[in-house]
Amino acid sequence: IETTALGFISGFTGQALEQGLQEMGLSTRFIPASEGMTRINVKIHAGQETEINGIGPQILPCELQQLMTQFGTIEAGDTVVFSGSIPKCLASDTYGKLMDCLPPQVRTVVDATGEALRCALSRKPYLVKPNLPELEDFFGIPMDTKEKVEFAARKMQEMGAKNVLVSMAAQGAMLLDEYGCTHWAKAPKGEVVNSVGAGDSMVAGFLASVSRGQDAASALRMGIAAGSA
């Protein structure tokens, strides 16, 4: 599926990121940030996964305005994915403000947590994709049964999300679609080598399937396959 990467880059790490994406054949329309550098994240695999996430660049108000202006040029029928944490230098409702800049008939997807997700839900995103720990943090209760997971997903739907896709690691995933139907899918058996990027890949697989006109159950299976791979 043709895709363009948007956002901010800075420093030699930002240049390396853009060059790597372009070498893979992906389009980019990054905005250079003048302060700091694109962060380096370290993932340690030693019995359990440990993340050491660096600090990203400072985003100036004029640079954020450039991104907002860019969003105004996105065409109806496109899908925009808002993924990951918001830099500490920006307000927690930044995703929501960016969604307000989009033209009508642009499909939005939010893969974020906490207040950033809460602010985005009121804009009625097409899809949100929390994982179990994020769902537990959002509602403040353990998600130790299927009933609780489904209850939380329906609450998110009441808050504005059209579709809620919950990734549950080895347990698979659950989709509450825009018609109120619940779909469950198991993860394929196999040895976990590296879970970094699995949630992002699940979103990509799901959206690729939807863009081809496939139904929710098929999209869920594609999402599970992409995330597991």
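The values are calculated or read from the model by the stated rules, or taken from the named source; none is laboratory data. The model shown is predicted, which means the values in this text are computed figures rather than measured ones. Note: ideal-geometry Cβ built from the backbone for every residue, glycine included; neighbour counts use all protein chains shown. In case anyone asks, the SASA skips ligands and DNA or RNA and just uses the protein heavy atoms, side chains included. Shrake-Rupley method; radii C 1.70, N 1.55, O 1.52, S 1.80 Å.
Here are some notes:
- Per-region count, the range 33-51, residues closer than 19 Å to Ile86 by Cβ, in contact with a strand residue (DSSP E or B) (Cβ under 7 Å, 6 or more places away or on another chain) and not basic (Lys, Arg): 6
- Selection of the range 1-32 for residues being among the acidic types (Asp, Glu) and either touching a residue at least 24 places away in the same chain (Cβ under 8 Å) or within 16 Å of Phe82 (Cα to Cα) (or both) yields only Glu2.
- Positions within the range 55-92 being exposed (fewer than 15 other Cβ atoms within 10 Å of the Cβ), β-branched (Val, Ile, Thr) and more than 15 Å from Ala33 (Cβ to Cβ), in sequence order: Thr69, Thr73
- For the range 55-89, filtering for residues that are acidic (Asp, Glu) and free of Cβ contacts under 8 Å to residues at least 40 places away in the same chain leaves 2.
- The single condition among (1) aliphatic (A, V, I, L, M); (2) open to solvent by 60 Å² or more (accessible area, probe 1.4 Å); (3) within 21 Å of Pro61 (Cα to Cα) that Ile44 does not satisfy is (3).
- Ile55 vs. criteria in a loop (DSSP other than H, G, I, E, B) and closer than 20 Å to Met156 by Cβ: no
- Condition met for Gly77 (modelled with pLDDT under 95 and under 27 Å from Arg107 (Cα atoms)): yes
- Those residues of the range 10-41 which are within 25 Å of Gly205 (Cα to Cα), not in a helix (DSSP H, G or I) and not polar (S, T, N, Q), in sequence order: Met24, Gly25, Leu26, Arg29, Phe30
- Answer from Pro61, Pro32 - the residue that is within 15 Å of Lys88 (Cα to Cα) and of a type outside the set (Lys, Arg): Pro61
- Count - residues of the range 113-127 that are touching a helix residue (DSSP H, G or I) at 6+ places or on another chain (Cβ under 6 Å) and within 12 Å of Gly84 (Cα to Cα): 2
Let's see how each residue does on (1) among the hydrophobic types (A, V, I, L, M, F, W, C); (2) in contact with a Lys or Arg (Cβ under 9 Å, 6 or more places away or on another chain):
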{"position": "Glu147", "(1), (2)": "no, no"}
{"position": "Ala153", "(1), (2)": "yes, no"}
{"position": "Gly160", "(1), (2)": "no, yes"}
{"position": "Leu175", "(1), (2)": "yes, no"}
{"position": "Lys186", "(1), (2)": "no, no"}
{"position": "Lys189", "(1), (2)": "no, no"}
{"position": "Ala198", "(1), (2)": "yes, no"}
{"position": "Ile224", "(1), (2)": "yes, yes"}
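- As a summary of the residue check, Thr108 satisfies the conditions (1) under 21 Å from Glu2 (Cα atoms); (2) touching a helix residue (DSSP H, G or I) at 6+ places or on another chain (Cβ under 6 Å); (3) open to solvent by 50 Å² or more (accessible area, probe 1.4 Å) except for the one numbered (3).
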